[in-house]
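**Q** There's a structure below that I have some questions on.
The values are calculated or read from the model by the stated rules, or taken from the named source; none is laboratory data. In this text the structure is predicted, and so the values were computed from the model without any measurement. Virtual Cβ from ideal backbone geometry, glycine too; neighbours counted across all protein chains shown. Just the protein is used for accessible areas: all its heavy atoms, side chains included, with ligands, DNA and RNA removed. Shrake-Rupley method; radii C 1.70, N 1.55, O 1.52, S 1.80 Å.
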Amino acid sequence: MLQEFNNLMDYIETHLTEEISGKDISKIVGLSDYHFKRMFSYMAGMSLNEYIKNRRLSVANVELINGAKVTDIAYKYGYQSIEGFSRAFRGWSGFLPSEVTKNKIQKSFPKFSFFIDIRGGISMEFKIEKKEKFNIVGVSKRVPIQFEGENNAILELAQSITEQQRNEMHQLADLYPHQVLNVSYDFDDGFLEEKGYLTHMIGPVYG
């Protein structure tokens with residue numbers, strides 16, 4: 001899987017001036033476009049679209065320093081106008097393209113590479129199972145989408161569960177793993193950019 005991910009990074013590098021379709025992505029990584037983008041966001045801390053945009057602007061920065069015209073660069077990397085490119089470039093680098101050309105200001109965003117980083121100290125048992133349809137019952141709340149760190153809204157949801165609710169949950173947990181689970185679903189559009197809300201439920205699996 002790592003090899004496929006790195007193959008996609010190589011493909012993106014050679015197609016920065018072209019549209020990269022979901023079909024291209026699926027063919028290279030062997031996953032649906034939707035599932036790969038979710039995995040990428042989780043691992044990289046940003047959406048795939050944001051990564052591609054950053055790589056394009058980083059390469060554009062080098063070309064501007066080397067004397068390329070702003071007009072040519074804007075259209076080369078898919079912007080419909082110089083104004084649109086200038087806004088995006090300034091939002092990324094903090095400088096206008098003309099300032100970069102004049103003052104040779106360098107900002108870079110390196111290409112991603114995926115590798116395995118093995119660290120000891122924690123033992124964890126896990127297994128992946130294919131299960132028949134099952135039910136989950138519990139308490140739920142719309143919470144902000146957050147990729148890293150503790151989500152305070154989820155912590156508040158957990159702390160709001162009463163002792164009576166906890167007892168009822170444990171009595172209902174009649175299917176493996178016979179314990180309370182955390183489930184997230186119903187994501188808002190834009191979740192790959194860490195925007196919007198999702199529904200988070202805390203509860204057991206029952207038949």
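**Q** Starting from residues that are β-branched (V, I, T) and part of a loop (DSSP other than H, G, I, E, B), keep the ones in segment 128-172 and report whichever is farthest from S184 (Cα to Cα).
**A** It comes out as T162.
Residue-by-condition table, conditions (1) outside any helix (DSSP H, G or I); (2) within 26 Å of G94 (Cα to Cα):
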{"site": "L8", "(1), (2)": "no, no"}
{"site": "T17", "(1), (2)": "yes, yes"}
{"site": "M39", "(1), (2)": "no, no"}
{"site": "N49", "(1), (2)": "no, yes"}
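**Q** Looking only at segment 1-37, filter to residues that are among the aliphatic types (A, V, I, L, M) and over 23 Å from K76 (Cα atoms); which one of those is modelled with the lowest pLDDT?
**A** Here is the first cut: in segment 1-37, the residues among the aliphatic types (A, V, I, L, M) are 1-2, 8-9, 12, 16, 20, 25, 28-29, 31.
When the remaining residues are screened for being over 23 Å from K76 (Cα atoms), the result is 1-2, 28-29, 31.
Details: M1: 69, L2: 80, I28: 92, V29: 90, L31: 85.
Restricting to residues being among the aliphatic types (A, V, I, L, M) and over 23 Å from K76 (Cα atoms), the top hit is M1.
**Q** Looking only at segment 88-113, which residues are within 22 Å of E18 (Cβ to Cβ), of a type outside the set (S, T, Y) and either within 27 Å of the chain's Cα centre (by Cα) or exposed (fewer than 15 other Cβ atoms within 10 Å of the Cβ) (or both)?
**A** In the first step, residues of segment 88-113 are kept if they are within 22 Å of E18 (Cβ to Cβ); the result is 88-89, 92, 97, 108-113.
Restricting the remaining residues to those that are of a type outside the set (S, T, Y) gives 88-89, 92, 97, 109-112.
Listed by number, the residues that qualify are A88, F89, W92, F109, P110, K111, F112.
**Q** Against the condition closer than 30 Å to I105 by Cα, hydroxyl-bearing (S, T, Y) and modelled with pLDDT under 95, how does S41 come out, does it pass? Before the answer, list the steps.
**A** Details: closer than 30 Å to I105 by Cα: yes; hydroxyl-bearing (S, T, Y): yes; modelled with pLDDT under 95: yes.
Here the answer is yes, as S41 does meet what is asked.
**Q** Every residue in segment 51-74 that is exposed (fewer than 14 other Cβ atoms within 10 Å of the Cβ) and either part of a helix (DSSP H, G or I) or polar (S, T, N, Q) (or both), please.
**A** Passing the criteria: V62, N66, T71, D72.
**Q** Is there a residue being modelled with pLDDT under 80, of a type in the set (S, T, N, Q) and either open to solvent by less than 100 Å² (accessible area, probe 1.4 Å) or within 24 Å of the chain's Cα centre (by Cα) (or both) anywhere in segment 130-144?
**A** Scanning segment 130-144 turns up at least one residue that is modelled with pLDDT under 80, of a type in the set (S, T, N, Q) and either open to solvent by less than 100 Å² (accessible area, probe 1.4 Å) or within 24 Å of the chain's Cα centre (by Cα) (or both).
**Q** Sort out which residues of segment 148-168 are touching a residue at least 24 places away in the same chain (Cβ under 8 Å) and open to solvent by 60 Å² or more (accessible area, probe 1.4 Å), and write them in order of number.
**A** Once the filter is applied, which keeps residues that are touching a residue at least 24 places away in the same chain (Cβ under 8 Å) and open to solvent by 60 Å² or more (accessible area, probe 1.4 Å), segment 148-168 yields E148, Q165.
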